[in-house]
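See structure below.
The values are calculated or read from the model by the stated rules, or taken from the named source; none is laboratory data. Being a predicted model, the structure only gives us computed values, none of them experimental. Cβ atoms come from the backbone with ideal geometry, glycine included; neighbour counts cover every protein chain shown. These area figures cover heavy atoms from the full protein model, side chains too; ligands, DNA and RNA do not enter into them. Shrake-Rupley method; radii C 1.70, N 1.55, O 1.52, S 1.80 Å.
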Amino acid sequence: MNLLFAFLFSVLFAPVNDYTVLADKAKVGFTIKNAGFKVNGSMKGLDGNISFNPDALDQSKISLSVATATVDTDNKTRDKHLRAEDYFEVEKYPNITFTSTSIKKSASGYLVKGTFKVKNTAKEVEIPFTFQQNVFKGSFSINRIEYGVGKKSWIMDKTVNITFQIPVQG
């Protein structure tokens, strides 16, 4: 009976682990088709709080932000344009943020649901991810038009694919 009680107590009250994001090693990348070519880019300055325990997903939380001024596509002219009002408007909106509302187990890892905010638009998204060897990895897609990042275009695709690798310590 005591063993059963101990097991139930550990499952019901499993503490979450608070992790520190290793910002200098974190990678946030994106891909979009533009004029028939795939454009790859990245952003730096990832910061946030991650409290996670696979045995206590209902208590786990993720809150992250990345600095829009760090957008880098290996083209200084394009990067300057992306930072301007037409796209990220970095002076007014310095960060893209994500705040989780729930985390669940999935067949291939986990699924986090939460609010993804770009500029002045916040939408609920679901992001599949894995957590192995203190690294959170995942990918998802958004419609850039829905977030006010650029306008409709026959040259540039509306779908942006986002990938991330977030090493943590804790």
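Couple of notes before you dig in:
- Unmet criterion (only one of (1) out of contact with any Asp or Glu (no Cβ under 9 Å at 6 or more places or on another chain); (2) open to solvent by less than 80 Å² (accessible area, probe 1.4 Å); (3) farther than 25 Å from LYS38 by Cα) for GLU124: (2)
- With respect to the stated conditions, LYS119 fails to be open to solvent by 60 Å² or more (accessible area, probe 1.4 Å) and touching a helix residue (DSSP H, G or I) at 6+ places or on another chain (Cβ under 9 Å).
- Scanning segment 142-152 for residues that are surrounded by 13 or more Cβ atoms within 10 Å (Cβ to Cβ) and touching a strand residue (DSSP E or B) at 6+ places or on another chain (Cβ under 8 Å) yields ILE142, ARG144, TYR147, GLY148, VAL149, GLY150.
- Of the residues making up segment 28-75, just one is open to solvent by less than 30 Å² (accessible area, probe 1.4 Å) and on the phi > 0 side of the Ramachandran plot, namely GLY48.
- Among residues of segment 103-116 being without any contact (Cβ under 8 Å) to a residue 40 or more places away in the chain and touching a strand residue (DSSP E or B) at 6+ places or on another chain (Cβ under 7 Å), the one that is surrounded by the most Cβ atoms within 10 Å (Cβ to Cβ) is PHE116.
- Any hit, segment 35-46, residues being within 26 Å of THR101 (Cβ to Cβ), in contact with a helix residue (DSSP H, G or I) (Cβ under 8 Å, 6 or more places away or on another chain) and among the aliphatic types (A, V, I, L, M): yes
- Check on THR163, closer than 25 Å to ALA35 by Cα and either polar (S, T, N, Q) or in contact with a His (Cβ under 8 Å, 6 or more places away or on another chain) (or both): yes
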